[in-house]
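These notes are about the structure you will find just below.
The values are calculated or read from the model by the stated rules, or taken from the named source; none is laboratory data. This is a predicted model, so every value here is computed, not measured. Using ideal geometry, Cβ is built from the backbone for each residue, glycine included, and neighbour counts are taken over all protein chains shown. With ligands, DNA and RNA removed, areas are computed over all heavy atoms of the protein, side chains included. Shrake-Rupley method; radii C 1.70, N 1.55, O 1.52, S 1.80 Å.
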Amino acid sequence: MSRLNRGFTAAAGAMLLMASMSLTACSSDSGSSASDSGAEQSSAATASSDGSYDVSDATITFIPKQLNNPFSDVMLGGGTKGAEEVGFSDNQVVGPLEASSSSQVSFINAEVQAGTNVIVIAANDPDAVCPALKDARDAGSYVVTFDSDSSADCRDLFINQVDSKQVALTMLEMVSEQIGGAGNIAILSATATAANQNAWIKFIEDEIASNEAYKDIKIVDKVYGDDDDTKSFQEAQGLLQAHPDLDAIVSPTTVGIAATARYLSTSEYKGKVVLTGLGLPNEMRSFVKDGTVTEFALWDPAQLGYVAAYAGAALQSGAITGEVGDTFVAGELGERTVEEGKVVLVGDPVRFNADNIDDYDF
Ligand code: RAM
């Protein structure tokens, strides 16, 4: 088990955040809550106008899918910044080193034992974490999922980076543009149980099946690199061997796309087989510059962690109960609303290519 101490996460958080939080402008005005504007008080709870929540007696712990993932590092940097800024008495990061189904259960149990007030988790399996999360809620903790959701009845809120369908459509548009609207594609995903990747893949499949514009695109294989660099690299190699007529690989995971790019960059397929999906600009820059990759996308992971920390504070302080329509102020990122399914959206995806990749540093 790994428990990073607060000093480590704070320092790493500050560094990563300086690099990352500026990706997108605030998508909403702080200070525009109903209470500020003098609007009638509705049944939905509203944010404090300045995002101050009294959590000085409360603790928050972040549990990512896995610790050794650069995406998680950036996300947790934002989470730590948010937790410190809003005033939790303590914040911790704990989690497994691999993203397998049940790897987070013992960490959740330990937080229940410790009486942690807010648990923020990116679930490796939407169901496997549920009994432990239920114990946490029964013991009085608030549970906020971020990045990868649990089953909806096991958490109070899900902080979703971007609407899942929009993520899927962005990837489909990118691959379609790069293969001229027709061809054989394969998907190299994270783990087979990852709720976020599975939701995106499902929307891609549905869109191909229902949208004339994509009728000539065929998914010929789906493989799982488990967000493990070596396994992802081997799966990429296996795909190209198994499908000599492959036109593109779509990898909806930062670990998978980076490993696949590394394989392609020194192979005969470089520049011939398209690679796109979701990646961190700092991990993908060299592959864009050497012609292995043309375009991929992502959102700002730091914002995801930051909004999750503020959502936890809003719940813990009693400012919101997490009902649809509730609003809270996520610090410098402004007001957020709890939407259908008790989901809070963070930002928009950005496409990275040779023209803009040097503008980003995360
Ligand atoms: C990987 C993880 C994470 C996902 C990103 C895009 O780092 O699977 O959950 O959101 O990729």
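Things worth noting here:
- Of the residues HIS243, VAL255, PHE362, the one whose Cα sits farthest toward the positive end of the charge dipole of the chain, with +1 on the Cβ of Lys and Arg and -1 on the Cβ of Asp and Glu, is HIS243.
- Region 176-333, accessible surface, carbon-and-sulfur percent (1.4 angstrom probe): 48
- Given charges at Cβ of Lys, Arg, Asp, Glu: region 268-342 dipole, positive-most of TYR306, GLY322, PHE287: PHE287
- Evaluated over the Cα positions of the chain, the convex hull gives a direction-averaged projected area, one quarter of its surface, of 17.3 nm².
- Positive dipole terminus of the chain, leading residue within LEU169, GLY271, VAL86 (C-beta point charges): GLY271
- Charge context of VAL350, other residues only, Cβ under 10 angstrom, K/R +1, D/E -1: -2
- Counting only Cβ charges, +1 for Lys and Arg and -1 for Asp and Glu, the dipole size of the chain around its Cα centre is about 800 debye.
- The modelled label-to-label distance for the pair THR321/LYS202, using points 7 Å beyond Cα in the direction of Cβ, is 2.8 nm.
- The chain - share of DSSP beta bridges that are antiparallel (%, nearest 5): 25
- Computed extension length for THR230-GLU177: 16.2 nm, one decimal, from 0.36 nm per residue of separation with the Cα-Cα distance subtracted.
- Heavy atoms of the protein chains alone define the surface here; on that basis the chain has 38 Å² accessible area per residue at 1.4 Å probe size.
- Other residues with beta-carbon under 11 Å from the beta-carbon of LEU298 carry, at +1 per Lys or Arg and -1 per Asp or Glu, a net charge of -2.
- Alpha-carbon Debye profile of region 89-180, log10 I(q)/I(0) at 0.12, 0.13, 0.24 Å⁻¹: -0.43, -0.49, -1.19
- Taking packing as the residue-averaged number of other Cβ atoms within 10 angstrom, the listed peptides 87-94, 207-214 run from highest to lowest as 87-94, 207-214.
- Helical contribution to [θ] at 222 nm, DSSP H n ≥ 4, -39,500 (n - 2.57), averaged over the chain, rounded to 500: -12000 deg cm²/dmol
- Calculated FRET efficiency for the pair ASP163/LYS272, C-beta based, R₀ 35 Å, to 0.05: 0.60
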